[in-house]
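What follows is a set of notes on a single structure, which appears directly below.
The values are calculated or read from the model by the stated rules, or taken from the named source; none is laboratory data. Nothing here was measured: the structure is a model prediction, and the numbers come from that model. Cβ placement follows ideal geometry from the backbone for every residue including glycine, while neighbour counts extend to all protein chains displayed.
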Amino acid sequence: MRNTQHGFSIITAIFLLVVLSFLGIAMVSFSTSQHQSSAMDVMGSRAYQAARAGIEWQAHYVVNSASNAAAAVPQCGTNNLGALGGTLLPFTVTVNCVAASHVEGALTIWIYDVSAVACTEAACPSATPGANYVERIIGVKMGR
């Protein structure tokens with residue numbers, strides 16, 4: 001007696017191949033998104049360090065200025081540090097500094113409100129974020 005069912009195993013094999021292909025595609029896309037997410041995390045850390053470098057740059061001028069006048073800090077204002085070197089090369093840093101005086105008895109204390117913006121675009125604050133846009137902003141207050 002002959003079996004009249006032919007070709008059932010080929011349908012099962014094709015179904016398994018399709019299912020395994022979809023699983024493979026899902027794993028590759030998940031892996032790709034994980035790698036992109038990791039790369040953006042690294043870029044975020046680098047942007048933070050670039051903004052921190054801008055704060056340190058301004059702090060250098062505040063600490064080394066005369067303690068009795070805001071005019072002694074000529075770098076207080078808006079300064080575009082441009083692109084940094086090394087691993088911070090893709091970032092542009094802009095530092096804003098505003099000085100205000102405060103009188104305590106016979107002493108005049110200068111308060112510097114400093115913010116640094118580090119981003120991957122040339123025109124940071126006005127840039128339209130693209131696919132690889134990363135920006136970090138740090139603000140500090142310093143007294144002298």
Check your understanding: Using beta carbons and a limit of 7 Å, which pairs, at least six apart or on different chains, have the first residue in region 75-100 and closer than 14 Å to Q49 by Cβ and the second one outside any strand (DSSP E or B) and basic (K, R)?
Key -> T87/R46; L88/R46; F91/R46
Check your understanding: Would you call T87 in a helix (DSSP H, G or I), within 22 Å of Q36 (Cα to Cα) and modelled with pLDDT under 85?
Key -> yes
Point to revise | Subset of region 111-122 [hydrophobic (A, V, I, L, M, F, W, C), more than 14 Å from V140 (Cα to Cα) and either part of a loop (DSSP other than H, G, I, E, B) or more than 21 Å from the chain's Cα centre (by Cα) (or both)] | key: A122
Exercise for review: Using the structure shown, decide if V98 is modelled with pLDDT under 90, aliphatic (A, V, I, L, M), under 17 Å from V114 (Cβ atoms) and surrounded by 13 or more Cβ atoms within 10 Å (Cβ to Cβ).
Suggested key: yes
Exercise for review: Those residues that are modelled with pLDDT under 85, aliphatic (A, V, I, L, M) and either farther than 14 Å from V95 by Cα or out of contact with any helix residue (DSSP H, G or I) (no Cβ under 6 Å at 6 or more places or on another chain) (or both), I need them from region 41-73; list them, please.
Suggested key: V62, V63, A66, A69, A70, A71, A72
Exercise for review: Working only within region 78-104, note down all residues that are over 16 Å from G143 (Cα atoms) and not hydrophobic (A, V, I, L, M, F, W, C).
Suggested key: T78, N79, N80, G82, G85, G86, T87, P90, T92, T94
**Study point:** Residue list for region 27-49, filter: of a type in the set (A, V, I, L, M) and out of contact with any strand residue (DSSP E or B) (no Cβ under 9 Å at 6 or more places or on another chain)
**Key:** M27, V28, A39, M40, V42, M43
Exercise for review: Can you run down the residue pairs with Cβ atoms below 8 Å, 6 or more apart or on separate chains, where the first is in region 48-64 and touching a residue at least 40 places away in the same chain (Cβ under 8 Å) and assigned to a helix (DSSP H, G or I) and the partner is among the charged types (D, E, K, R) and surrounded by 14 or more Cβ atoms within 10 Å (Cβ to Cβ)?
Suggested key: Y48/R136; A50/R136; A51/R136; V62/R144; V63/R144
